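To start, the structure under review is shown below, and the notes come after it.
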Amino acid sequence: MVGAVRGQRGRKVARRPAGTLPAVSRFYLTTPIYYVNDAPHIGTAYTTVNADALARWHRLLGDQVFFLTGTDEHGAKIAEAAAAHDMAPQDWTDQTVKRFEESWALLEISNDDFIRTTEPRHHKAVQHFLQAIYDAGYIYPGTYSGLYCVSCEDYYTEEQLVDGRCPIHGRPVVEMEEQNYFFKLSAFEQRLLDWYGANPECVRPLTKRNEALGFIRGGLRDISITRTSFRWGVPVPWDDAHVFYVWYDALINYLTAVGYSEDDRRVAEWWPAAHHLIGKDILKFHCVWWPAMCMAAGVDPAPSVFVHGFLLVGGEKLSKTLLGRSGTDGERPVRLTEIAPAALVDDFGVDAVRYHLLRDVPLGSDGDFSYEGIVARYNADLANNLGNLAQRVATVVGSKCGGVGPAPGPAEGNRLAEAASVALEAASGAWERVAPHEALEATWRLIGAANAELEAAEPWKADPGPEVDRVLGNALEVLRIVSLLAWPAVPSGVTEIWRRLGLSGGPGDCRLPADAAWGGYPGGLRVEKGSPLFPRHRP
């Protein structure tokens, strides 16, 4: 992610005004909050797994990390769904939120906080934030009439519709008219342009920054921010006949979680280190509305937004494998929202699902997701490369070294030590660019180099002695370093490798770059073979 100025290790950090709190290496990372009426699917998992991997990487760097995800629980759709189930909206959200909590636990998401927009702390923050905007003169009453999509909870113009339907959900829109309060978004055109001019890397990739600039340069209209047609929302403090529009309410969660309205010091510590990871479908809200809202409330906009593309579902196996389980037509194309993370974890294990999402879809672009793709990637990288290296080394250590791992050779003149140094540098640069796929490519090149060294030396054919010890010690050291570099992606698998190498603690307890320096494996530790970590998957 990016901030505004260069910080330690050459990384960019948020600019802190002179005379404020001392600089601390913090990393505050957020996902969008997911609409609680929806079920977790592979698209929401894609965002959340990428965020989790970034958070884990920054923990390895020694940063103080605060990783937030959560659920969006207000609006007309929630009220309608609750009524359809003969439940109060709060009871309905209490029930449906569990799907997200359980799915993220299954995927080993390491979030530090899980925010729900129905929490009292959020209601307080929303009212405080929007009262500040109202007091500043940027909110006024009026009447709104327009074409409204209940699924989006957003208005559209005739020109934005596709065959008269919502361009996002494809469902008919309804014409609505009601008394609203409006936010003077139009007053922030130049301020937003100035902000983007002064912070050219605050939205990445560059194409998405240009898209945000296009919205702004096309002219900004004031937007409706309250509703009177339903009551399930945060009440407007200056007019109790209104509740806040769900998008305005939801965006403020990023400030709620760091103590906005309750702990000014915590906000000052964490907000300059905020990094939003979002999908491209919500770019307008995060890169136009949200920074303008912050400016109006007297808060600096978040310094970094990274926008990823969509997962595109392809291949033939998904329909037959996933839809067929529920008795539906296994021949029709599967929709992304029908692919539950739990179904894939059942088939492949959590590491395989995480690895495929991080390795095969470059963050920032649209990418293909298919059953065939996950099988191929699992077998090639996890089973044949990493799993085979770990199994082979443990087996030969057992037969040639009595099950006790030898120490690696010195770094000087050592091809694997050089390969490890190159992998660390390449992976570090890739994570810094928010390119997990490149970081994993670099890590797996090191695995390939170690496998090649073993094939060339064939220690399983040699008599025990110094040369066998050197070859196996180098391979054990590669496995140790790979466990560090791959921990953000496949935490369970590499933690088990770490344990089998006889090492104490786990990869997550280490700090980079120091702990990835060659020579960290001490030798003299009992190495456990165990069963294959990643048995080949038969499609």
### Task
Work out, step by step, the length gained on full extension between residue 300 and residue 132: first 0.36 nm times the residue separation, then minus their alpha carbon distance; give nm to one decimal.
59.1 nm
### Message
7 Å from Cα along Cα→Cβ at both residue 39 and residue 176: what's the point-to-point distance in nm?
### Response
2.7 nm
### Query
What is the sum of charges around residue 497, taking Lys and Arg as +1, Asp and Glu as -1, for the other residues whose C-beta is under 12 Å from the C-beta of residue 497?
+1
#### Entry: Electrostatic dipole magnitude of the chain [Cβ: Lys, Arg +1; Asp, Glu -1; Cα centre; debye, to 20]
1300 debye
#### Entry: the chain: calculated mean residue ellipticity at 222 nm from DSSP helix runs of at least 4, using -39500 (n - 2.57)
-12500 deg cm²/dmol
## Note on the structure
Under 5 Å from the placed amide H of residue 62, counting only residues 5+ away or on other chains, we find 512
### Message
What FRET efficiency comes out for residue 365 versus residue 95 if R0 is 30 angstrom and r is the Cβ-Cβ distance? Round to the nearest 0.05.
### Response
0.25
#### Entry: Taking N as its residue count, the alpha carbon Rg of segment 58-182 over 2.2 N^0.38 Å
1.36
### Query
So how far, in whole Å, is the C-alpha centre of segment 493-519 from the one of segment 407-458?
15 Å
### Task
Round to the nearest 0.05 the FRET efficiency obtained for residue 511 and residue 221 when R0 = 56 Å and r is the Cβ-Cβ distance.
0.70
## Note on the structure
Computed over the chain: longest principal axis from alpha-carbon atoms vs helix 189-198 long axis, angle to nearest 10 degrees, is 20 degrees
### Task
Kindly rank 349-361, 299-311 from highest to lowest mean number of other beta carbons found within 10 Å of each residue.
349-361, 299-311
### Message
With viscosity set to 1.567 mPa s at 4 °C, what whole-number translational diffusion coefficient in µm²/s follows for the chain from Stokes-Einstein and a Kirkwood radius over Cα pairs?
### Response
51 µm²/s
### Task
Give the calculated FRET efficiency between residue 399 and residue 504 to the nearest 0.05, with a Förster radius of 30 Å applied to their Cβ-Cβ distance.
0.75
### Message
Using only the alpha carbons of segment 371-526, what is the convex hull's orientation-averaged projected area in square nanometres?
### Response
9.0 nm²
### Task
Sticking with the crude label model, points 7 Å out along Cα→Cβ, report the distance from residue 268 to residue 537 in nm, one decimal please.
5.0 nm
### Task
State the cysteines of the chain left without a partner when partners are defined as other cysteines whose beta carbon lies under 4.7 Å away.
202, 287, 294, 401, 510
### Task
Calculate how steeply helix 42-60 sits against the longest principal axis of the alpha-carbon atoms of the chain, using the helix alpha-carbon long axis, and give the answer as 0 to 90 degrees to the nearest 10.
60 degrees
### Query
What's the extension gain from residue 231 to residue 64 if we count 0.36 nm per residue and subtract their Cα-Cα distance?
56.2 nm
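The numbers here are math on the coordinates, done by the rules we state, and not lab data. Source: prediction; values computed, not measured. Reconstructed Cβ throughout: ideal geometry from the backbone, glycine too, with neighbour counts over all protein chains shown.
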